[in-house]
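Let me begin by presenting the structure, written as structure tokens, before commenting on it.
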Amino acid sequence: MKIFLDTANIEEIKTGVEWGLVDGVTTNPTLASKVAGKGKDLAGIIREIVKTTPGPVSVEVVATDYETMIKQAHKIVELGSNAVVKIPMTLDGLKAIKTLKSENISVNCTLVFNPVQALLAAKAGAEYVSPFVGRLDDIGQDGMQIIDQIKTVFTNYAIGTNILVASIRNPVHVLRAGIIGADVVTLPFDVLKKLPAHPKTEEGLKRFLDDWEEVSPNGKFPF
Ligand code: E4P
């Protein structure tokens, strides 16, 4: 399972890449708006993200009509060979995905909330579909259930589109994505940091170091 960071914060991306945990990045206009303060060069920031990330970077169009989406998509792919165009799940969006697929442009279809939408995105030619599990949890549904259903539908028809689990809120979402066999999870930085943590790991490490200190003051390494 690939791990993407769901952020437009370059420092978070650099840190995640140094940890060796980042296979790609997803951004969206909300995440971009958080880093685009006064006097900040948003285009420059996105360019740096594309350059820094050792894998696909999804950059979203900010239009709802087909023609403008296509124009913006063509600008996005100029950012670098790893740039992926994020297109919303609408009729114009589906039309745009079909055109972009015919131009060999990689698309991530976003704002997917049920398996039929995912099927349509895949049929249009999306390389990734992004079902938003956390936002479904927020309204009292079990978001991960749709990941399970999408996996079944895609398996039924041998569909190669990647299931990119989005709107992840906690490590349990990641566990369930792995059990289902989702292709990608995209995580906020605070969820990424939680993944390696376990209280028994911390307790065990402390005990090893305390026990070693007993026989070797200052923790001197014997070799
Ligand atoms: C996906 O690509 C989106 O950027 C993201 O996962 C949305 O998450 P949110 O519901 O936490 O905003």
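The table below gives the values:
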quantity	calculated
The chain: angle of helix 42-52 to the longest principal axis, Cα-based, in degrees nearest 10	60
Gaussian network model of the chain, Cα within-10 Å springs - most flexible of Leu21, Leu205, Leu175	Leu205
Alpha-carbon spread of the stretch 142-223, three principal axes, descending order, Å	62, 25, 18
Contour excess over end-to-end distance, with Cα ends at Glu213 and Asp148 and 0.36 nm allotted per residue	18.5 nm
Evaluated over the stretch 1-119, the Cα radius of gyration and Dmax, each in Å	14.2, 42
Between the stretch 45-77 and the stretch 153-206, the alpha-carbon center distance in angstrom	25
The stretch 70-138, Cα convex hull volume normalised per residue, Å³	84
Rel. contact order, % - alpha carbon contacts under 8 angstrom, at least six apart, the stretch 127-188	39
Cα→Cβ-extended label distance, 7 Å offset, between Ile179 and Lys193, nm	2.7
Per residue, in Å², the accessible surface of the chain once ligands and nucleic acids are set aside, probe 1.4 Å	55
Computed over the chain, Cα set: Rg, Dmax in Å	20.2, 72
Val77 - accessible surface, heavy atoms, 1.4 Å probe, Å² rounded to 10	50
Helix-only CD estimate at 222 nm, as mean residue ellipticity for the chain, using -39500 (n - 2.57) per DSSP H run (n ≥ 4)	-15000 deg cm²/dmol
Folded to 0 to 90 degrees: helix 91-102 orientation relative to the chain principal axis, Cα	80
Exposure of Tyr66 as accessible area (Å², to 10), given a probe of 1.4 Å and all protein chains	40
0 to 90° range, to nearest 10: angle between helix 171-180 axis and the chain longest Cα axis	60
Theoretical FRET efficiency, 1/(1+(r/R0)^6), r = Cβ-Cβ of Lys51 and Thr201, R0 45 Å, to 0.05	0.85
Ratio of Rg to Rh over the stretch 1-70 (Cα coordinates, Kirkwood Rh, two decimals)	1.00
The stretch 101-216 - percent of accessible surface contributed by carbon and sulfur, probe 1.4 Å	56
Mean separation of Cα contacts under 8 Å, 6 or more apart, over the residue count of the chain: relative contact order %	16
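The values are calculated or read from the model by the stated rules, or taken from the named source; none is laboratory data. The shown structure was predicted, so the numbers you read here are calculated from the model rather than taken from an experiment. Because the Cβ atoms are built from the backbone with ideal geometry, glycine has one as well, and the counts that use them run over all protein chains shown. Ligands, DNA and RNA are excluded from the accessible area calculation, which covers all protein heavy atoms including side chains. Shrake-Rupley method; radii C 1.70, N 1.55, O 1.52, S 1.80 Å.
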